[in-house]
Amino acid sequence: MKRTLLSLSLLFVLLIRAQAQDVEPKWKLDLESKTDWMKILPTGNLLISTNNALLSIDPTSQQKLWEMKGINQVTKESFIEIEGTPFAIYESSNPLKSLKTQTNIIDYTSGRIIYNTLEANVTVREKSPLLDLGALLLELKQDKKVFLALIDIESGKERWRFDLPDRKTGVGLGALKQTVKSALDASPVSDKDGNILFPDDKILKRLDGQTGKLLWENENEKGIGRLNFSDDGSVVYLGSGRKIKALTLADGKELWKDPFKISGEFQMFIPSKDNQMYVVTSTDITVIDNTTGKAVWKKPVVFANTFKTLKFTADGILVFSSDEKTSAFDYISFSGAELWKRPYKTDMPVVSFELTPKGILFANAEEANMVDLKTGDDTIWKKRIKLKASPVTYIDDKIALIYSDEKLYRVDMTSLNYQLVAQDIKFKGSDEDVQNIELLSNGYLLSSAQNMWLITPEGKVAYSVYYKPASLGTGAKILGTVGKVYATASNLEATQDPNKPNTVNIQRSKRGDEIVGGINEIIANRKKTFATQDATYIMTRVEEGNTKRIGMVKVDKATGAEKGKIVLKSLDPLYEIDQVTGQLFVVINGTAKGSELASFGL
């Protein structure tokens, strides 16, 4: 027995070694079963799925935080974190209890099961955290019935049910329309009295938060879009199709004499000053009086294309609209007048844009250009920057960097002068091109999954490094994981009226903050650490004679120098990289106890 254990220990050492210098694991942990997959949670803890358990490990203390045994067939794709909460939902099976797949909702920081469909024998269709109420609102299907259930987060018990008899449960077109939600569909929300507003397709229902009793309902011609509350929460504004309504929260009665009619499909509300509110549709924007439902502007301002987003300036509202072929900018005053003679239109869809004090810097697959905010024309630059491929950009308040077709341009955001900094930037490897641009103290870092180029401000190549991909799709997998959790927000997102803070949702209560437990702060800190790292970690193929292995290299962003390397002798190892801390987690299956987890750092 001792000889067997010794052989397995030697096997592990041989499977994982460093090139030129041995690198010992920071720590190792025995796992009782074969590991199927692992992932890094938004908090930085490890989630591991074995052939009969699900467990979480804290890499800092090297301790198991929790373990749930008797769980089979949990796929990595089915484990989904619920944004803004410490909760996750996943599907699994437990043959000892039932042959049916079950849905679980857990607190992934503690492993506590909040809800499990095994006992209830139901299918989860939708989920809405209502943290102010300390509950999750679930839309469930049981046999051919659909109903709502309010689940207490602390006890996991069902507080009440509410039947949805009009919900379709088959596989026809009607059922498909009900199950596929648009990004603009309103979600359930708790109100100031602790009750629930539930958008049931075309009907807005107010349910008693304690009992689930229907308090009132309001029917509309089309599905309900976004909801908004008045400042004191006593009035609910809703958009449905081509109508806007105001309802009193207490009884659901319509406050205005008639609904406000709009010409395009409703998109969003933006609260403003003096009891006024912007109403944005797919085709236009206008301002209405909250108390009367009457138009404040003489007429809506029609967009040149389909609405995408908007930004406020000191003088007005910049609207960006676009479709698959073209894009456009409209500039509108706070009184509803068009500030330009005509909208500015582009011949190809805009990929990114930034609002500067002097104008709009935009880029698409054909050009990068500046639009004068005062006149709406592109006379700031005598010549536009001609591009031949979809651009990659970095834009801040001092500098803009634009890459396309092996060329890098720099724009001084103060003077708005631009110049070609470098060209003939050719990344090695098939399908490798610039994916990201970072501004460093000594230059501009252009990178992809396997390439890194540093261009100096003078346009010289400080270094260029390339690492062969570890395996097909490895780089995309790593970049995708990092981007999902820590990528910065898109610069195409809307901003709010500076004259009035956003009141789309009533602020979360102290109880809601306690339930969340600071998870958003943890994620924000990890995101900040990720953004300020001085090195990149790349998985690569390492060739030693006729032998091909997989390894991780740590590359200094400023110099391109390798700061360390770990080589895995296994051809197809099970591994995950924490790009925030630089830890490499490796699992070796087939050990005496089942599998072994090791953590390496460079």
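The values are calculated or read from the model by the stated rules, or taken from the named source; none is laboratory data. Since the model is a prediction, treat every value here as computed from it, not as a measurement. All Cβ positions, glycine included, derive from the backbone under ideal geometry; neighbour counts span all protein chains shown. The area values use the complete protein model at the heavy-atom level, side chains included, leaving out ligands, DNA and RNA. Shrake-Rupley method; radii C 1.70, N 1.55, O 1.52, S 1.80 Å.
Tabulated values for the structure
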{"read-out": "ASP251 accessible area, 1.4 Å probe, all protein chains in place, Å² to nearest 10", "value": "70 Å²"}
{"read-out": "Cα gyration tensor category, rounded, prolate or oblate, for the stretch 171-330 with a/c compared to 1.5", "value": "oblate"}
{"read-out": "The stretch 541-602: C-alpha gyration tensor shape, a/c 1.5 cut-off, then a/b vs b/c", "value": "oblate"}
{"read-out": "Cβ-Cβ FRET estimate between GLN533 and VAL302, R0 fixed at 41 Å, reported to 0.05", "value": "0.30"}
{"read-out": "Inter-probe distance in nm under a simple model that places probes 7 Å from Cα toward Cβ, at LYS253 and ALA561", "value": "7.8 nm"}
{"read-out": "Two-site FRET efficiency, TRP27 against LEU214, from Cβ-Cβ distance with R₀ of 60 Å, rounded to 0.05", "value": "0.60"}
{"read-out": "DSSP-loop trypsin sites (Lys or Arg not before Pro) across the stretch 31-117, with at most 12 other Cβ within 10 angstrom", "value": "LYS76, LYS97"}
{"read-out": "Rounded, prolate or oblate (a/c below 1.5 giving rounded, otherwise prolate when a/b exceeds b/c) for the stretch 352-403 by Cα gyration tensor", "value": "oblate"}
{"read-out": "Solvent-accessible area per residue for the stretch 348-442 (1.4 angstrom probe, square angstrom)", "value": "52 Å²"}
{"read-out": "Estimated distance in nm for a label pair at ARG125 and ILE399, the labels positioned 7 Å out from Cα along Cα-to-Cβ", "value": "5.4 nm"}
{"read-out": "Highest average packing first - 580-590, 51-61, Cβ atoms within 10 Å", "value": "580-590, 51-61"}
{"read-out": "In the stretch 542-602, the trypsin sites (Lys or Arg not before Pro) that fall in loop regions by DSSP, at most 14 other Cβ within 10 Å", "value": "LYS593"}
{"read-out": "Sites ASP347 and GLN423 - FRET efficiency at Förster radius 22 Å, r taken between beta-carbons, to 0.05", "value": "0.35"}
{"read-out": "Simple label model, 7 Å out from Cα along Cβ direction - LYS358 to LYS202, nm", "value": "5.5 nm"}
